[in-house]
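The values are calculated or read from the model by the stated rules, or taken from the named source; none is laboratory data. No experiment lies behind these values; they were computed from the predicted model shown. Cβ sites come from the backbone with ideal geometry, for glycine too, and all protein chains shown count toward neighbours.
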């Protein structure tokens, strides 16, 4: 699945939005995005396989964090630029 397909989901964009603010565990993400556990886990798995997020276990909780920086540039004529850039997050 390419980056545009990954980012083409409103649910995944919402998840990325919340993870850009702070690390969160699954039930926090479910509440923030407003979805059930099965759907949330599906989207988190997709984002993790794409390398945009990572996870870690702390006790029984699985925490997710954003580990890539995602930028989308779209400009009208005459430049007509469309650019999707995904880079490692600066630490």
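Quick notes
- Residues within the range 25-40 that are surrounded by 18 or more Cβ atoms within 10 Å (Cβ to Cβ) and touching a strand residue (DSSP E or B) at 6+ places or on another chain (Cβ under 8 Å), tallied: 1
- Residue 7 surrounded by 13 or more Cβ atoms within 10 Å (Cβ to Cβ), touching a helix residue (DSSP H, G or I) at 6+ places or on another chain (Cβ under 8 Å) and in contact (Cβ under 8 Å) with a residue 60 or more places away in the chain: yes
- Checklist (1) at pLDDT 85 or above; (2) closer than 22 Å to residue 2 by Cβ; (3) surrounded by fewer than 10 Cβ atoms within 10 Å (Cβ to Cβ) applied to residue 59, failing item: (2)
- Subset tally (residues that are in contact (Cβ under 8 Å) with a residue 24 or more places away in the chain, farther than 14 Å from residue 69 by Cα and assigned to a strand (DSSP E or B)) for the range 12-57: 2
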